[in-house]
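So the structure is just underneath, and the comments pick up after that.
Readers should treat all values here as calculations from the given coordinates under stated rules, not as data from a laboratory. On a predicted model such as this, the values are computed, not experimentally measured, just so you know. Cβ: placed from backbone, ideal geometry, glycine included. Neighbour counts: every protein chain shown.
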Amino acid sequence: MKSLTAAALVVAAGLTACSSSDQGKEATSTGPVTVKVARDPGLDKGAIAAFDERVAQFEKANPGIDIVPQEYNWTATTFTAQLAGGTLPDVFTVPFTDGRGLIERKQIADISGLVAGLPYAGRFNANVARAGQAEDGKMWAVPIAAYGQALHYNRTLFKQAGLDPDRPPTTWDEVRTAAKQIAQKTGKAGYAELTTDNTGGWVLTTLVYAFGGRTEKVDGDKATAELDTPEMTAVLKWLQDLRWTDDSMGSNFLYDWNGINQAFASGQVGMYVSGGGNYGSLVTQNALKPADYGVTVLPLMDKPDAGVLGGGTLATVSAKASEGVKAAAVKWIDFYYLKKLTDKDAAVLDARTTAASKLPVGAPQLPVFDRATYDESLKWVASYVNVPQTQLKPYTDKMFDQPLVTEPVRSTQEVYKILDPVVQAVLTKKDADIAALLKNADAEAQALLDRN
Ligand SMILES: OC[C@H]1O[C@H](O[C@H]2O[C@H](CO)[C@@H](O)[C@H](O)[C@H]2O)[C@H](O)[C@@H](O)[C@@H]1O
């Protein structure tokens, strides 16, 4: 984000300094290395100012690099078009589900040599690291965040409905009862469900895990779809009851990730399921009032395999990036996303900058490294934490006690896409035939898995 004049000065400074210092070494004779980096779309003014400040800090420390922010967030449909059209920034993020495919098809740059040089390269949590590794174990995509699914709820709607916001539901029956009470007492959707852009399949899979089931079985090279199961049937029946028996799901049945966040933040939704770290987005992109916010762990059925679906985000570099851009991009990934998780000075600088713009510090995440490193990093930034900790307690007190189950591994997003119309049908057609929907979806998913 350097101005032309500033950039020219940087080049001059870099060239002068070359003989005696390695500062400015990324600069070439034609100018600094320019790196386009992803920045969340729709941020409020404070969040943009904080991002710009982080860019300025990075550019000061790396005078040969010019960072240019580009609005970007991953959604299933827009991503495919952007990848094909070559319009992605140089540094962009994707969910864990997309890492292996992008690596195999060489649609992202091989930055593994540069990543291996980072001081914490060998310390990633093994499950998390796998999402960004090629088959030979080299890390092409860098895990920057991990989440477990959670139940978000609106404390104000809970109070208006006569529910105790400090005692959120702990079973799916209680979620149903609370949803009905919210709908009847406030006229808002008691419980809302993601349904579009593959998010329908994502949350349906989440609920199936919580009910004790799975959606695929992998045995060596063979993957078997497991969509037509008692657990999936029970989840869809549960949704059908909320929608058609109780009428407690409002009137919007076409939500994507941003859409449901927006509806929740504006007080239209009592409860919904999504990643436990959503608080930051809800505040900076959706103007959530902090006092409204509550989050708790997902209820788990008393079944041996019941677990919480967990996923995360990888930072990747465009396959078109030159060697200079790749090197600068990895420096940015280190500075912006990761160093703050392992280095006290970096953590404090990030938290101070973020808190100065009145943005959330201290929203819950799952560790990308080990638990001890995570706990230590929370201590470093403790004096900057400004998120309402007591409102997060139902989640943070228990989030490490629940079994975490990774997302399905084979053709994940394509299978989610097959499930979107299934959940949409259950919520929009009173007489939806769950058994027939699942039989068809299972056959479609199996054909896909056999092809891929
Ligand atoms: O579109 C569904 C996909 O969404 C996930 O990512 C999104 O949710 C995360 C948790 O709330 C959030 O951290 C991330 O920024 C969002 O893009 C998920 O990781 C995908 O696998 C899922 O299909």
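Structure above, values below:
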{"read-out": "Whole-angstrom gap from the range 376-407 to the range 275-305, using each part's C-alpha centre", "value": "11 Å"}
{"read-out": "Sorted by Cβ neighbour density within 10 Å, fewest at the top, the residues Arg243, Arg371, Arg123, Arg451", "value": "Arg451, Arg371, Arg123, Arg243"}
{"read-out": "For the chain, Kirkwood radius (reciprocal of mean inverse C-alpha pair distance, Å)", "value": "23.1 Å"}
{"read-out": "Rg and Dmax of the range 152-293, Cα atoms only, in Å", "value": "15.8, 53"}
{"read-out": "Contour excess over end-to-end distance, with Cα ends at Asp164 and Lys439 and 0.36 nm allotted per residue", "value": "95.0 nm"}
{"read-out": "Farthest positive-ward along the range 170-278 dipole, Cα basis, beta-carbon charges - from Ala225, Met271, Gln240", "value": "Met271"}
{"read-out": "DSSP bridge orientation in the chain - percent antiparallel, rounded to nearest 5", "value": "70 percent"}
{"read-out": "Computed label-point distance, nm, for sites Asp397 and Asp345 using a 7 Å Cα→Cβ extension", "value": "4.0 nm"}
{"read-out": "Peptides ranked, highest mean first, by Cβ atoms within 10 Å: ranges 73-79, 300-306, 354-360", "value": "354-360, 73-79, 300-306"}
{"read-out": "Cβ crowding within 10 Å averaged over residues, with 92-100, 258-266 ranked highest first", "value": "92-100, 258-266"}
{"read-out": "Stretch gain in nm, segment Lys429-Asp370, where the contour uses 0.36 nm per residue and the Cα spacing is subtracted", "value": "16.7 nm"}
{"read-out": "Tail weight of P(r) past 13 Å, computed on alpha-carbon pairs of the range 374-422, percent", "value": "75 percent"}
{"read-out": "For the range 361-452, the Rg and Dmax computed from alpha carbons only, in angstrom", "value": "20.4, 55"}
{"read-out": "Centroid-to-centroid separation of the range 82-111 and the range 120-188 [C-alpha atoms, Å]", "value": "26 Å"}
{"read-out": "Net charge contributed by nearby residues that have their C-beta within less than 13 Å of Ala435 (K/R +1, D/E -1)", "value": "-2"}
{"read-out": "Pairwise FRET efficiency - Ile48 versus Arg451, Cβ, R0 = 41 Å, nearest 0.05", "value": "0.40"}
{"read-out": "Extension gain (nm, one decimal) between Ala134 and Thr77, 0.36 nm per residue minus Cα-Cα", "value": "18.1 nm"}
{"read-out": "Reduced Cα scattering model of the range 274-418, Debye log10 I(q)/I(0), q = 0.17 Å⁻¹", "value": "-1.19"}
{"read-out": "Total formal charge among the other residues, if their Cβ is under 13 angstrom from that of Glu71, Lys/Arg +1 and Asp/Glu -1", "value": "+1"}
{"read-out": "Total charge dipole magnitude, the range 277-344, about the Cα centre, Cβ charges on Lys, Arg, Asp, Glu only, Debye to nearest 20", "value": "320 debye"}
{"read-out": "Mean Cα-pair separation over length for the range 253-345, i.e. relative contact order, pairs under 8 Å, 6 or more apart, %", "value": "16 percent"}
{"read-out": "Summed side-chain charge close to Val128 - residues other than Val128 whose Cβ falls under 13 Å, Lys, Arg +1, Asp, Glu -1", "value": "+1"}
{"read-out": "Efficiency of FRET between Ala382 and Met1 - r from beta-carbon atoms, R0 41 angstrom, step 0.05", "value": "0.85"}
{"read-out": "Mean Cβ neighbour count within 10 Å, used as a protection proxy, ranking 107-120, 329-342 highest first", "value": "329-342, 107-120"}
